[in-house]
Amino acid sequence: MNIKTAVGAALLGIFWSSSMAFAFDTASQAPEGQSRKYFAGEFGKTLPPVGFVQFCVANPADCKAKGGKNFKLAMSPERWNLIYQVNTYVNGKIAPVSDQDLYGEPERWAYPTDAGDCEDYLLLKKRYLEGLGFPPEALLITVVLDEKNEGHAVLTVTTDGGDFILDNRRNDVLRWSDTNYTFLKRQSHSNPVQWVALVKQPTPNSGFVSGGNSH
């Protein structure tokens, strides 16, 4: 896929807004003693979501470990621009539709063309960012519970300044601790098919993403 062609003018017309400047300034380095706020803690291995397992069966090449070691990505104004542009572009390009309405299934993870739910958004963002040179080991599919205690999926970008979230519900890229979500699990840095828990005790609905309104 030609990523520049796919993203089009949204990436060619890169701009430097005040919100991006603020994000880069606050993320440029994580102060000592703030690791809990800036970086999500991991609590050992856990099971991946059912939809992700099915996605990997259908797309095995996208679930292979690449062997990279750049777990905490060093950020720059240019990289922040691309992150904001990809997040905003995909959020505007894809219409929010549940898997049940789109596929007649309670949960299916797939690359969207014009419609999809939360995990479809993040899969497309991850593909675009990898195509733009971002290391896959720093782009982690993440499952959370939202403010309504419903399953939701976002993309975590792990940087040297903390963990930041690309969410189809907002164009702003927030630090994970500023989202008001409960973080359940995410992909392992070293192996995308392995998942790690972000809570000490698993929740009963942590195996599925789709809730009543997960998009």
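Scan region 67-103 residue by residue and report those that are more than 17 Å from the chain's Cα centre (by Cα) and either in a helix (DSSP H, G or I) or surrounded by 13 or more Cβ atoms within 10 Å (Cβ to Cβ) (or both). Talk me through it step by step, then tell me what you get.
Within region 67-103, the subset more than 17 Å from the chain's Cα centre (by Cα) is 67-69, 74, 76-78, 95, 97-103.
Of everything in region 67-103, those that are more than 17 Å from the chain's Cα centre (by Cα) and either in a helix (DSSP H, G or I) or surrounded by 13 or more Cβ atoms within 10 Å (Cβ to Cβ) (or both) turn out to be PRO77, GLU78, VAL97, SER98, ASP99, GLN100, ASP101, LEU102, TYR103.
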Region 172-215, subset touching a Phe, Trp or Tyr at 6+ places or on another chain (Cβ under 7 Å), not in a strand (DSSP E or B) and not hydrophobic (A, V, I, L, M, F, W, C), residue modelled with the lowest pLDDT: LYS200
Selection from region 86-112 of residues that are of a type outside the set (Gly, Ala, Ser) and closer than 21 Å to LEU139 by Cα: VAL86, ASN87, THR88, TYR89, VAL90, ASN91, LYS93, ILE94, ARG108, TRP109, TYR111, PRO112
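Residues being part of a strand (DSSP E or B) and either within 17 Å of ASN70 (Cα to Cα) or free of Cβ contacts under 8 Å to residues at least 40 places away in the same chain (or both): count how many of those fall in region 137-160. Talk me through it step by step, then tell me what you get.
Step one: list which residues in region 137-160 are part of a strand (DSSP E or B), which gives 139-145, 151-159.
Adding the requirement that they be either within 17 Å of ASN70 (Cα to Cα) or free of Cβ contacts under 8 Å to residues at least 40 places away in the same chain (or both) leaves 139-141, 154-159.
Residues that pass the stated criteria total 9.
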Failed item, numbered, when ASP62 is tested on (1) part of a loop (DSSP other than H, G, I, E, B); (2) modelled with pLDDT under 95: (1)
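Being more than 19 Å from SER188 (Cα to Cα), free of Cβ contacts under 8 Å to residues at least 60 places away in the same chain, part of a loop (DSSP other than H, G, I, E, B) and of a type in the set (S, T, N, Q), is that true of even one residue in region 108-118?
From region 108-118, those more than 19 Å from SER188 (Cα to Cα) are 108, 110-118; that's our starting set.
If we keep only those that are free of Cβ contacts under 8 Å to residues at least 60 places away in the same chain as well, we get 108, 110-115.
Imposing the further condition that a residue be part of a loop (DSSP other than H, G, I, E, B) reduces the set to 108, 110-114.
Of the ones still in play, those that are also of a type in the set (S, T, N, Q) are 113.
Within region 108-118 (the criterion being more than 19 Å from SER188 (Cα to Cα), free of Cβ contacts under 8 Å to residues at least 60 places away in the same chain, part of a loop (DSSP other than H, G, I, E, B) and of a type in the set (S, T, N, Q)), the answer is yes, since at least one residue qualifies.
The values are calculated or read from the model by the stated rules, or taken from the named source; none is laboratory data. Not measured: the values here are computed from a predicted model. Positions of Cβ are backbone-derived with ideal geometry, glycine not excepted, and every protein chain shown enters the neighbour counts.
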